[in-house]
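One structure is given here, and the rest of the page talks about it.
Where a number appears in this text, it was derived from the coordinates with a stated rule and is not lab data. The structure presented is a predicted model; accordingly, all values stated were derived computationally and were not measured. Please note: Cβ atoms are built from the backbone with ideal geometry, for glycine as well, and neighbour counts cover all protein chains shown.
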Amino acid sequence: MSENKAWVIETHDLDRVYGDGDLIRALDKVNIRIAAGELVSVMGPSGSGKSTLLNVIGALDRPTGGDIFVNGENLATITDLDNFRARSVGFIFQLHNLLPTLTARENVEIPMTGHVPAAERGKRAKELLDLVGMADRMNHLPGQLSGGQRQRVAIARALANNPPLVLADEPTGSLDTANGQELMRLLRDLNEEQGTTFVVVTHDPAVARQTKRVLVMQDGKIVREDIIGSPDEEDLKMWRHSNLGKQILAGTELHLLEEKLSSSELKAVKKALSVANGKS
Ligand SMILES: Nc1ncnc2c1ncn2[C@@H]1O[C@H](COP(=O)(O)OP(=O)(O)OP(=O)(O)O)[C@@H](O)[C@H]1O
Ligand SMILES: [Mg+2]
């Protein structure tokens, strides 16, 4: 199989089978390609294989079949996986796994230990905590931070070695809506400003809408792929999925909205309708 550096992640018929009696196909011939600088989300029901996919991509788990290339490198041929992970991948998990006895800054320094001089580690940790809006909490212990703040420290830690790829498993799962939205804004900024590639597993459609492409998994397979458009386009897509929405789009049920909306809202809807109908 040829490797292609254009893809940060490329898989060929990736399998991860558990058990030896009744086999569980956690991954079943998964083929994906993710380019540098993409912000992709992965959705799907519980047990569909999302975490398994992230773990295999990040070399925390080994596939039972198929190939996976990260930055053109076949993971099966890498002997020093610890070094590979330190160089190439940042992980953000729902349980942020910060060490409770270390300060925020020290937690961010951990991944740099061993290959970045101490003075530089401290400086970089400070910059990263500043980037995630935690500069004023650097010397706090995790127990002295809110859930959202801990999650931001975990992100700073994931970025410590400047990985080209960050894998996030339900990073907003333990956050309230406002903190979840703020976190996604941060990931989007990092994606746009630093070109970091993100793969974000989520159950939350609002989180997925903040990404540019959604891979949908079911029974270990990628069953669908959605490209996310602009917010207006997304609203229209939702309308097209409901009967009432379709009737309104066709202009036949507009009076239903007239009672419910203010005149300025109605004007906006009519404008959107003319754009939509012009398009379709
Ligand atoms: N260590 C394991 N041993 C056996 N089966 C496993 C193991 N880990 C995961 N599985 C099974 O593999 C399938 C996929 O699990 P995975 O954790 O990837 O799902 P998920 O999509 O992340 O689900 P959730 O949304 O609940 O986190 C499930 O059927 C699960 O029970
Ligand atoms: Mg999971």
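Build a GNM of the chain with springs between Cα atoms under 10 Å: which of Asn71, Asn243, Asn83 gets the top mean-square fluctuation?
Asn243
Taking Lys126 as the anchor, which aspartates and glutamates have their alpha carbon closer than 12 Å to its alpha carbon, excluding any fewer than eight residues away along the same chain?
Partners within reach: Glu106, Glu109, Asp136.
Using helices alone, what [θ] at 222 nm do you get for the chain, with -39,500 (n - 2.57) per DSSP H run of 4 or more residues, divided over all residues and rounded to the nearest 500?
One gets -11500 deg cm²/dmol as the mean residue ellipticity at 222 nm.
Work out the FRET efficiency for Thr177 and Thr77 from their Cβ-Cβ distance, taking R0 = 41 Å, and round it to the nearest 0.05. Present the calculation step by step, with values, prior to reporting the outcome.
Details: r = 43 Å, r/R0 = 1.06.
With R0 = 41 Å, the Cβ-Cβ based efficiency is 0.40.
Under 10 Å, Cα contacts only: if you run a Gaussian network model on the chain, which one of Leu236, Leu128, Leu261 comes out with the highest mean-square fluctuation?
Ranking Leu236, Leu128, Leu261 by mean-square fluctuation puts Leu261 first.
Quick one: helix 263-279 against the long Cα principal axis of the chain, what's the angle to the nearest 10°, folded into 0 to 90?
For 263-279 against the chain, the angle is about 80 degrees.
Quick one: of Lys29/Lys237; Lys50/Lys212; Lys50/Lys221; Lys246/Lys270; Lys212/Lys267, which pairs are farther than 21 Å apart, Cα to Cα?
Lys29/Lys237; Lys212/Lys267
Considering only DSSP beta bridges where both residues belong to the chain, give the percentage that are antiparallel (nearest 5).
55 percent
Given the C-alpha centroids of segment 19-62 and segment 173-195, what is the distance between them in whole angstrom?
For segment 19-62 versus segment 173-195, the Cα centre distance is 22 Å.
Assuming R0 = 25 Å, what is the FRET efficiency of Lys267 and Lys237, from their Cβ-Cβ distance, to the nearest 0.05? Walk me through the numbers before you get to the answer.
Numbers: r = 22 Å, r/R0 = 0.87.
Computed FRET efficiency for Lys267 and Lys237 comes out at 0.70.
Classify the chain: rounded, prolate or oblate, from the alpha-carbon gyration tensor (a ≥ b ≥ c, eigenvalue square roots; a/c under 1.5 rounded; otherwise prolate if a/b is larger than b/c)?
Cα axes put the chain in the oblate bin.
Angle, helix 231-240 long axis vs. longest principal axis of the chain, Cα atoms, 0 to 90°, nearest 10?
So the helix axis and the longest Cα principal axis differ by about 60 degrees.
On a 0 to 90° scale, report how tilted helix 147-158 is relative to the longest principal axis of the chain, with both axes built from alpha carbons and the result rounded to the nearest 10.
Computed tilt is about 60 degrees.
Please state the relative contact order of the chain as a whole percent: Cα pairs under 8 Å, 6+ residues apart? Working shown, then result.
On the way: 474 pairs, mean separation 63.7, N = 280.
Rounded, it is 23 percent for the chain.
Label-point separation (nm) for Arg62 and Arg33, each offset 7 Å from Cα along Cα-to-Cβ?
Roughly 2.8 nm, to one decimal.
Around Ala35, which amide H atoms from residues at least 5 apart in sequence, or from another chain, sit under 5 Å from its own amide H, with H modelled in the peptide plane?
Val8
Between Asn161, Asn55, Asn97, which gets the highest mean-square fluctuation from a Gaussian network model of the chain, Cα cutoff 10 Å?
Asn97
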